[in-house]
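The values are calculated or read from the model by the stated rules, or taken from the named source; none is laboratory data. What you are looking at is a predicted structure, and each value in this text was computed from that prediction instead of being measured. Note that we place each Cβ from the backbone using ideal geometry, even for glycine, and neighbour counts take in every protein chain shown. Ligands, DNA and RNA are stripped out before the accessible areas are found, and what is left, the full protein with its side chains, is counted by its heavy atoms. Shrake-Rupley method; radii C 1.70, N 1.55, O 1.52, S 1.80 Å.
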Amino acid sequence: MVRLFLLTTWTSLLFGACTPNEPEMIAVTEVIQLGEEQIIITRLAEPSPTPTATPVPPRVETRPVTLDLAYENSLPQLDPQQVTENSLDMVESLFVGLTRFNHETEEVEPQLAESWTSSADGLTWTFNLRDDIQWIRPADPMTVGAETWAVETVRAVLSYDVVRAIERVCTRETGTPDAFLFFVIAGCESVYRSPEPTEEEIDAIGARAIDDTTLEITLIHPASYFLTLTALPQLRPVPGELIDEHGTTWRYSNEELADGWQTPENIMTSGPFIPSATTFSDEGLILYENPLWPIGRTGNVDVVNIAFQQDEMETFAAWRAKALDVSPLPIEERESFLSQTPARARLITNQTVFYIGYNFDSAVFQEADARRAFAAAVDRELLIEDMFEGRAQGLKHLTPPG
């Protein structure tokens, strides 16, 4: 018996009812030879699928996301315990905090401290710290456009570093702005008011390292706001051995930086970004994402280019020339800019409180009822419109909402 197979493609013309979604059919004709007789059998079958190669997606070359900013001064103060208002963002980026204040949820969140507890009387707070946040130095060369940047790991950030920060805040010689905020910590005010505090007085401050990752802070009275204080830049831990070795002398000379632990050749940082020593000068500074940072962060910025400008108009001109991503809006330009392109301006509230004070020497305001009546009679909305052109918020208490 001989079998012959013939393949014939049946087109849609033969079937007349084929639709684009129906597979194309083929006719298979089989010829069977039985002696002198041939039997022909024809049947329909779907063709075997032809293998198709899986397309390889094109390779996308990723480039670091950069943010171009300007500071309206020369190199800012990077010492957390000496930080001024124009350096707060820099300290926030370079140094880990004991906790972090989330401005969207208005909650205090863990950062260096994973968890904490307070005693029943509210006087003793115990913080359990992470052991995977490092003191690091940049390992040059670090160039813009690099996909990775090397760092030199020095050691872990320890509870002793937080104790050192608190001791510095409580010592008047450090010059911490608003140090009085931390007088709620036991022994802090006493040390601050002492012209030359002794080692015994400093040791008596209510901050104690139980071990490398356990910190205990004692207060003079219960304070519901204490966790908010732990998120402030002034309580950022610092490397005590580096301060002991290099001191805290900090310029001010236009020619060069004075010696100090914050200088490019000495500094160690612990935050989500690290500075590049090769671009650390009076002209500008480049920050890189810390590749060892173990905590998730918002945003997608890898590199921050910071130029030091002399005034707002210089910064605004650089922004208009597309050399900067963000710029303050100078008063001289405000009216014309807002009338032309209001969508490109964003009002950022600094939570600065302006208030009207009473003259207590006046017979009118010596009575508490008179002061309350006057306060109730003030039209705050009209005052805001008249004095601040509507760019403020009326308050009945000193503390802003949130």
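Can we say Glu255 is over 30 Å from Ser119 (Cα atoms), acidic (Asp, Glu), in a loop (DSSP other than H, G, I, E, B) and modelled with pLDDT under 95?
Numbers: over 30 Å from Ser119 (Cα atoms): yes; acidic (Asp, Glu): yes; in a loop (DSSP other than H, G, I, E, B): yes; modelled with pLDDT under 95: yes.
It is true that Glu255 is over 30 Å from Ser119 (Cα atoms), acidic (Asp, Glu), in a loop (DSSP other than H, G, I, E, B) and modelled with pLDDT under 95.
Identify, please: which residue in region 103-137 is within 25 Å of Ala186 (Cβ to Cβ) and under 15 Å from the mean Cα position of the chain (by Cα) and is, among those, surrounded by the most Cβ atoms within 10 Å (Cβ to Cβ)?
Looking at residues that are within 25 Å of Ala186 (Cβ to Cβ) and under 15 Å from the mean Cα position of the chain (by Cα), I get Leu112.
For every residue, the table says whether it meets (1) in contact with a Gly (Cβ under 6 Å, 6 or more places away or on another chain); (2) charged (D, E, K, R); (3) over 28 Å from Val65 (Cα atoms).
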site	(1), (2), (3)
Thr315	no, no, no
Trp319	no, no, no
Val326	no, no, no
Gly357	no, no, yes
Asp369	no, yes, yes
Arg372	no, yes, yes
Met387	no, no, yes
Ala392	no, no, yes
Leu395	no, no, yes
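Scan region 65-82 and give yes if some residue there is modelled with pLDDT under 80 and either open to solvent by 60 Å² or more (accessible area, probe 1.4 Å) or more than 30 Å from Cys170 (Cα to Cα) (or both), otherwise no. Step through it out loud before you land on a result.
Applying the first criterion (modelled with pLDDT under 80) to region 65-82 yields 72-77.
Adding the requirement that they be either open to solvent by 60 Å² or more (accessible area, probe 1.4 Å) or more than 30 Å from Cys170 (Cα to Cα) (or both) leaves 72.
Looking through region 65-82, at least one residue is modelled with pLDDT under 80 and either open to solvent by 60 Å² or more (accessible area, probe 1.4 Å) or more than 30 Å from Cys170 (Cα to Cα) (or both).
Can you find a residue in region 337-353 that is at pLDDT 85 or above, more than 30 Å from Thr66 (Cβ to Cβ) and over 30 Å from the mean Cα position of the chain (by Cα)?
Yes, some residue in region 337-353 is at pLDDT 85 or above, more than 30 Å from Thr66 (Cβ to Cβ) and over 30 Å from the mean Cα position of the chain (by Cα).
Are there any pairs with C-beta distances below 9 angstrom linking a residue in region 202-214 that is without any contact (Cβ under 8 Å) to a residue 12 or more places away in the chain to a residue that is of a type in the set (Gly, Ala, Ser) and not in a strand (DSSP E or B), with the two at least 6 apart or on different chains, and if so which?
Pairs found: Asp203/Gly187.
Output the residues belonging to region 198-217 that are buried (at least 18 other Cβ atoms within 10 Å of the Cβ) and under 29 Å from the mean Cα position of the chain (by Cα).
Of everything in region 198-217, those that are buried (at least 18 other Cβ atoms within 10 Å of the Cβ) and under 29 Å from the mean Cα position of the chain (by Cα) turn out to be Ala207, Thr213, Leu215, Ile217.
Using beta carbons and a limit of 7 Å, which pairs, at least six apart or on different chains, have the first residue in region 378-394 and of a type in the set (Lys, Arg) and the second one open to solvent by less than 100 Å² (accessible area, probe 1.4 Å)?
So the pair list comes out as Arg380/Gly394.
When you go through (1) at pLDDT 95 or above; (2) of a type in the set (A, V, I, L, M); (3) in contact with a helix residue (DSSP H, G or I) (Cβ under 6 Å, 6 or more places away or on another chain) one by one for Val108, which number turns out not to apply?
Among (1) at pLDDT 95 or above; (2) of a type in the set (A, V, I, L, M); (3) in contact with a helix residue (DSSP H, G or I) (Cβ under 6 Å, 6 or more places away or on another chain), the lone unmet condition for Val108 is (1).
Taking helices (runs of 4 or more DSSP H) that fall entirely within region 298-402, which contain at least 3 residues that are open to solvent by 100 Å² or more (accessible area, probe 1.4 Å)? Give the derivation first.
Values: elements: 312-320, 331-340, 368-377, 380-388.
Answer list for region 298-402: 331-340, 380-388.
Determine if region 167-182 includes at least one residue that is farther than 20 Å from Ala223 by Cα, open to solvent by 70 Å² or more (accessible area, probe 1.4 Å), outside any loop (DSSP other than H, G, I, E, B) and of a type in the set (Lys, Arg).
Looking through region 167-182, at least one residue is farther than 20 Å from Ala223 by Cα, open to solvent by 70 Å² or more (accessible area, probe 1.4 Å), outside any loop (DSSP other than H, G, I, E, B) and of a type in the set (Lys, Arg).
Can you tell me which condition Glu196 does not meet? The list is (1) part of a strand (DSSP E or B); (2) over 19 Å from Leu78 (Cβ atoms), and all the others hold.
(1)
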